[in-house]
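The values are calculated or read from the model by the stated rules, or taken from the named source; none is laboratory data. This one's a predicted model, so the numbers in the text were calculated from it and none came from an experiment. Cβ atoms come from the backbone with ideal geometry, glycine included; neighbour counts cover every protein chain shown. These accessible areas exclude ligands, DNA and RNA; they are computed on the full protein's heavy atoms, side chains included. Shrake-Rupley method; radii C 1.70, N 1.55, O 1.52, S 1.80 Å.
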Amino acid sequence: MDSEQVLFEEEITCFVDAVLPVPIPQLFTYRVPRELSDLVRVGSRIVVEFGKSRVVTAVIAKVHQSPPAKYKAKYILELLDLEPVVTSGQLWLFNWIAEYYMCNVGEVMNVALPSGLKISSQSKIQYNPDFANPELLDDDEKRLVALLQDQDSLNYEEVARLVSSKNINKTIKDLTAKHAIILFEEVKEKYKPKIVKKVRLKRVYEGSEEILNLIERLEKTSKQQEVILEYLNHVPLNDLLTKNAHGVDKSLLKKGEISDSSLKTLLEKGILEEFEVVISRLEEGGDFEAQDIQLTEHQDKAVNGIIDQFKSKDVVLFHGITGSGKTEVYIDLVQKVMEGGSQILLLLPEIALTTQIVGRLRKVFGDKMGVYHSRFSDNERVEVWKGILEGRFQFVVGVRSAIFLPFVNLGLIIVDEEHESSYKQFDPAPRYHARDVSIMLGIKQNAKVLLGSATPSLESYYQAKQGKYGLVELLRRFGDAQLPDIQLIDLKAEKKNKTMKLEFSSRLYQAISDNLSKKEQTIIFQNRRGYAPYMNCEECNWIGSCDQCAVSLTYHLNSGQLVCHYCGHKESAPKTCPDCGSTRLKTVGVGTEKIEDDLKEIFPEAIIRRMDLDTTRTKNAYQQIIGEFEEGQTDILVGTQMVSKGLDFDNVSLVGIFNADKMIHFPDFRAGEKAFQMITQVSGRAGRRDKHGEVLIQTGSPQNPILQFILNNDYVGFYDTEIQEREAFNYPPFSRIIEITIKDVDQVLAHQAAGRLANQLAARLGKDRVLGPEKSLVERIRNKFLFEVWLKLEKDKLNIKATKQLLKEELVNLAAEKQFKSVQFVVNVDAV
């Protein structure tokens, strides 16, 4: 081969830089087979080999002709897309998130892509045609080889099902060693379109005369005639010419007394024909009449105010009290943006909210609206993703992961309940905040961002007060509804007077009883699931605790188990003390399960349901619980923070709140803010129509300033007090906090690593900016000891980007030291 030919081949060799779903801070270069060189596109998925045997889905970030200098590029195994499924805007966002939240772009992509867009590899087994020593095989091996000789290939599950060997893995291993079989990885794309089998008449029978002649001809074979008559029940005779092509689901003709063999005979004779169609897994709105939203005078003023603010501001904070009708304002704005042809994203903090609000939005927007959240199956999420790329969905409602969808023409992003901490992802990386990412996405796509809340985060309200964000307020409830009356119940006085009934004050007990007699509904809020926080021995003071985490095990009555809410460990609740053998075991504290149990004892005639993580694990559990409550089938709903977020029930006139003091005194600088928000939000569920609402808060400290602000519905007063304290101690919004958690199974080693990191950072940034190391609030989780180092960085004095680079260098240096190889460093930027 001469040098000119070599040069020519080098010039046409094509390479791609790809993002792989691995926690490594670089892209990887792969060589493109010549037959694919004209087909590869930035944003298309490819199947590549990573390491010796791992096969992964990657996304092309760059196409070029430069081979890597440090390693020989492997070939792409497969190109999955002729048209990109990831946009250039998404790739930009992945990189921005990786840089800002100090993680790797592959980790971002792994979270962003729905599982259905990733390939899976599965071990397959096939007979080796070159095998020539059958005399070496035992009986089990001969049976498997004979089976494989009749098949192209089988996977492990199929082999285990078809071969009755006690140790199938040993049989496969031995056959591999004898070269009788070949193992290989079959790569499959996880997403599969939903296919329905349908049946229709052959076109020659579409005329009235032809079909009547056919029915007459089939009189002697009555069962075949019944199949044709059943078909005509679904496709009437008069509509055959126009509707026969669409056919009917084959399953409809297999119901009742219709004979399967007769249907099969008609298909074989060519009278009927079978065909397949791809259908959507998503619920279709079908025929619907778009409902007009009539805004009140105050809502209309809010809409106009938001539009006016958007003329000069990219971000507007919409502060609307509970029950003011923020959803109607959102709908009006969405309609206006849709008329202009742009896309809209509405983010909600919880799946629970989507259940109720989606039903309302569906009546207005029908099939133009897509819904995206983690309770959808992999295939359903892929269909929403592809629906956006294809232009089917102009408007999408989703939880935080919806921020990664492939929008190309966003006009408006609405972040409802923007104060909610559930917008922040904690594990795994990226530990991003969807509200803040929304603002960056809005800037990138020239979209406006609306932050809505009845109790805005201090950071957002501060930015609005400083003029960085616009501010629009809606401080009146919808219609004639009034804010509920809030009362503080002194638990110390109740206990002193011995008027408590189990965990219920006399006032709350009487209010629930009155509500039941009036046929009105009640919500009881307790932000702790389970029956009781722990189980205790009255003789030796034993407390059930997790072997892997430094926490007590929560008792769950229904399952009879002690459960760790950190690592998931479960064990049966003991009947006697494991330490001393005593039977004097008691549960301590109150969770939602115990409240539910107590209510059933006190009010046996009431229908009581519970909504927490334990009762809402299945896909439609939220919908069922909320639907039953909405329809009046439930009298009392007990729940955790799920019941506090945006739900709207006409018949709720009473809300009872447990453990307000624990929320307020939680060891966190945001504890007061979170308690104010949560109690105010759950209080807002009461009295949302013409019914008068009442909220009863059980507390041991009725004079607490935060409770007084809640009592007077005084958000501004609370903000003024809290913001002064934040400024005095240099907490957000006056600083940024980066939390570094150091983990290791060796407590001493973890502490040493944390100490070294803190000292190194203090030497370079100053001691005032470095807090710790301190033990984490829960100092051991999953058998690893946890220490924390916090960086408190002033926004106006430091280059935050350079500081993050400095932190990254220190972490790399520490991790490279031999003694700290096992230590894990977890960085959480803008910790909440």
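Could you list, in sequence order, all residues of the stretch 695-728 that are within 21 Å of E503 (Cα to Cα) and hydrophobic (A, V, I, L, M, F, W, C)?
V695, L696, I697, L707
Keeping to the stretch 86-102, report how many residues are open to solvent by 10 Å² or more (accessible area, probe 1.4 Å), in contact with a strand residue (DSSP E or B) (Cβ under 7 Å, 6 or more places away or on another chain) and closer than 26 Å to D38 by Cβ.
Of the residues in that region, 1 qualify.
Can you tell me how many residues in the stretch 487-546 are closer than 19 Å to L696 by Cα, hydrophobic (A, V, I, L, M, F, W, C) and either in contact (Cβ under 8 Å) with a residue 12 or more places away in the chain or in contact with a strand residue (DSSP E or B) (Cβ under 7 Å, 6 or more places away or on another chain) (or both)?
Total meeting the criteria: 12.
Just checking, does the stretch 595-610 include any residue being touching a Gly at 6+ places or on another chain (Cβ under 7 Å), without any contact (Cβ under 8 Å) to a residue 60 or more places away in the chain and acidic (D, E)? Please lay out each step first, then the result.
Step one: of the stretch 595-610, the residues touching a Gly at 6+ places or on another chain (Cβ under 7 Å) are 610.
Next, only the ones that are without any contact (Cβ under 8 Å) to a residue 60 or more places away in the chain stay: 610.
Narrowing the set further to residues that are acidic (D, E) leaves none.
No: zero hits.
Can we say G717 is open to solvent by less than 20 Å² (accessible area, probe 1.4 Å), out of contact with any Pro (no Cβ under 7 Å at 6 or more places or on another chain), more than 24 Å from Y622 (Cα to Cα) and free of Cβ contacts under 8 Å to residues at least 40 places away in the same chain? Reasoning before the result, please.
On the way: open to solvent by less than 20 Å² (accessible area, probe 1.4 Å): yes; out of contact with any Pro (no Cβ under 7 Å at 6 or more places or on another chain): yes; more than 24 Å from Y622 (Cα to Cα): yes; free of Cβ contacts under 8 Å to residues at least 40 places away in the same chain: yes.
So G717 fits the description; yes.
For the stretch 429-451, indicate whether the set of residues that are in contact with a Ser or Thr (Cβ under 6 Å, 6 or more places away or on another chain), modelled with pLDDT of 95 or more and either more than 20 Å from R362 (Cα to Cα) or not charged (D, E, K, R) (or both) is non-empty. Lay out the reasoning, then the answer.
Keep residues of the stretch 429-451 that are in contact with a Ser or Thr (Cβ under 6 Å, 6 or more places away or on another chain), which gives 449, 451.
Subset that is modelled with pLDDT of 95 or more: 449, 451.
Next, only the ones that are either more than 20 Å from R362 (Cα to Cα) or not charged (D, E, K, R) (or both) stay: 449, 451.
Yes, that holds for at least one residue.
Out of all the residues in the stretch 440-453, which are more than 23 Å from the chain's Cα centre (by Cα), open to solvent by 10 Å² or more (accessible area, probe 1.4 Å) and on the phi < 0 side of the Ramachandran plot?
Quick first cut of the stretch 440-453, residues more than 23 Å from the chain's Cα centre (by Cα) only: 443-448.
Okay, now just the ones that are also open to solvent by 10 Å² or more (accessible area, probe 1.4 Å), so 443-446, 448.
If the condition is that a residue be more than 23 Å from the chain's Cα centre (by Cα), open to solvent by 10 Å² or more (accessible area, probe 1.4 Å) and on the phi < 0 side of the Ramachandran plot, then I443, K444, Q445, K448 are the ones that fit.
Scan the stretch 48-70 for residues that are assigned to a loop (DSSP other than H, G, I, E, B), open to solvent by less than 90 Å² (accessible area, probe 1.4 Å) and modelled with pLDDT of 90 or more and jot them down.
Step one: list which residues in the stretch 48-70 are assigned to a loop (DSSP other than H, G, I, E, B), which gives 51-53, 65-70.
The next check asks that each one be open to solvent by less than 90 Å² (accessible area, probe 1.4 Å); those that pass are 51, 66-68.
Selection gives S66, P67, P68.
Quick check on R392: is it in contact (Cβ under 8 Å) with a residue 12 or more places away in the chain, assigned to a loop (DSSP other than H, G, I, E, B) and among the charged types (D, E, K, R)? Quick ask: steps written out before the conclusion?
On the way: in contact (Cβ under 8 Å) with a residue 12 or more places away in the chain: yes; assigned to a loop (DSSP other than H, G, I, E, B): yes; among the charged types (D, E, K, R): yes.
Against the criterion (in contact (Cβ under 8 Å) with a residue 12 or more places away in the chain, assigned to a loop (DSSP other than H, G, I, E, B) and among the charged types (D, E, K, R)), R392 qualifies.
Do we have any residue at all in the stretch 338-354 that's in a helix (DSSP H, G or I), at pLDDT below 90, surrounded by fewer than 20 Cβ atoms within 10 Å (Cβ to Cβ) and in contact with a Phe, Trp or Tyr (Cβ under 7 Å, 6 or more places away or on another chain)? Quick ask: steps written out before the conclusion?
Residues of the stretch 338-354 that are in a helix (DSSP H, G or I), as a first pass: 338-339, 351-354.
Imposing the further condition that a residue be at pLDDT below 90 reduces the set to 351-354.
Then drop every residue that is not surrounded by fewer than 20 Cβ atoms within 10 Å (Cβ to Cβ), which leaves none.
Looking for residues that are in a helix (DSSP H, G or I), at pLDDT below 90, surrounded by fewer than 20 Cβ atoms within 10 Å (Cβ to Cβ) and in contact with a Phe, Trp or Tyr (Cβ under 7 Å, 6 or more places away or on another chain), one finds none in the stretch 338-354, hence no.
Tally up the residues in the stretch 397-427 that are β-branched (V, I, T), open to solvent by 10 Å² or more (accessible area, probe 1.4 Å) and within 21 Å of R360 (Cβ to Cβ), please.
Let us first name the residues in the stretch 397-427 that are β-branched (V, I, T), namely 397, 399, 403, 408, 413-415.
Then keep just the ones that are open to solvent by 10 Å² or more (accessible area, probe 1.4 Å); that gives 399, 408.
Retained after the next criterion (residues that are within 21 Å of R360 (Cβ to Cβ)): 399.
Of the residues in the stretch 397-427, 1 are β-branched (V, I, T), open to solvent by 10 Å² or more (accessible area, probe 1.4 Å) and within 21 Å of R360 (Cβ to Cβ).
What are the residues in the stretch 723-769 that are more than 34 Å from the chain's Cα centre (by Cα) and among the aromatic types (F, W, Y), if any?
Selection gives F729 alone.
Being buried (at least 21 other Cβ atoms within 10 Å of the Cβ), among the basic types (K, R) and touching a residue at least 40 places away in the same chain (Cβ under 8 Å) is the requirement here; does K326 meet it? Quick ask: steps written out before the conclusion?
Values: buried (at least 21 other Cβ atoms within 10 Å of the Cβ): yes; among the basic types (K, R): yes; touching a residue at least 40 places away in the same chain (Cβ under 8 Å): yes.
When the stated conditions are applied, K326 passes them.
Can you confirm whether the stretch 25-35 contains a residue that is among the aliphatic types (A, V, I, L, M) and either open to solvent by 30 Å² or more (accessible area, probe 1.4 Å) or assigned to a loop (DSSP other than H, G, I, E, B) (or both)? Give the derivation first.
First, the residues of the stretch 25-35 that are among the aliphatic types (A, V, I, L, M): 27, 32.
Narrowing the set further to residues that are either open to solvent by 30 Å² or more (accessible area, probe 1.4 Å) or assigned to a loop (DSSP other than H, G, I, E, B) (or both) leaves 27.
The answer is yes, given that some residue of the stretch 25-35 is among the aliphatic types (A, V, I, L, M) and either open to solvent by 30 Å² or more (accessible area, probe 1.4 Å) or assigned to a loop (DSSP other than H, G, I, E, B) (or both).
With the structure loaded, tell me whether M109 is on the phi > 0 side of the Ramachandran plot and modelled with pLDDT of 85 or more or whether it fails that test. I'd like the intermediate steps shown before the answer.
Values: on the phi > 0 side of the Ramachandran plot: no; modelled with pLDDT of 85 or more: yes.
It is false that M109 is on the phi > 0 side of the Ramachandran plot and modelled with pLDDT of 85 or more.
Conditions first: (1) farther than 30 Å from V716 by Cα; (2) surrounded by 21 or more Cβ atoms within 10 Å (Cβ to Cβ). K498 passes all but one, so which condition is the exception?
Tallying (1) farther than 30 Å from V716 by Cα; (2) surrounded by 21 or more Cβ atoms within 10 Å (Cβ to Cβ), K498 fails exactly one: (2).
Kindly provide the set of residues from the stretch 483-496 that are touching a helix residue (DSSP H, G or I) at 6+ places or on another chain (Cβ under 8 Å) and over 24 Å from G687 (Cβ atoms), ordered by number.
Residues of the stretch 483-496 that are touching a helix residue (DSSP H, G or I) at 6+ places or on another chain (Cβ under 8 Å), as a first pass: 484, 486-489, 494.
Hit for the stretch 483-496 is E494, nothing else.
Does the stretch 360-379 hold any residues that are open to solvent by less than 20 Å² (accessible area, probe 1.4 Å) and either under 20 Å from G116 (Cβ atoms) or hydroxyl-bearing (S, T, Y) (or both), and which are they? Walk me through how you get there before you give the answer.
We begin by selecting, within the stretch 360-379, every residue open to solvent by less than 20 Å² (accessible area, probe 1.4 Å); these are 361, 364-366, 369-373.
Matches in the stretch 360-379: G370, V371, Y372, H373.
Pairs needed: first member in the stretch 25-42, in contact (Cβ under 8 Å) with a residue 24 or more places away in the chain; second member anywhere, open to solvent by 70 Å² or more (accessible area, probe 1.4 Å); C-beta distance under 7 Å; at least 6 residues apart or different chains.
Matching pairs, first to second residue: Y30/K74; Y30/Y75; R31/K74; R31/Y75; P33/Y75; L39/L82; V42/K62; V42/S88.
Pairs only if they're at least six apart or on different chains, beta carbon under 8 angstrom, first in the stretch 662-675 and in a helix (DSSP H, G or I), second of a type in the set (K, R) and crowded, with 20+ Cβ neighbours inside 10 Å; list them, first residue then second.
Taking only residues 6 or more apart or on different chains, the pairs are M663/K674.
Filter the stretch 175-218 down to the residues that are at pLDDT 85 or above, open to solvent by less than 80 Å² (accessible area, probe 1.4 Å) and of a type in the set (K, R) and list them by number.
Within the stretch 175-218, K198, R200, K202 qualify.
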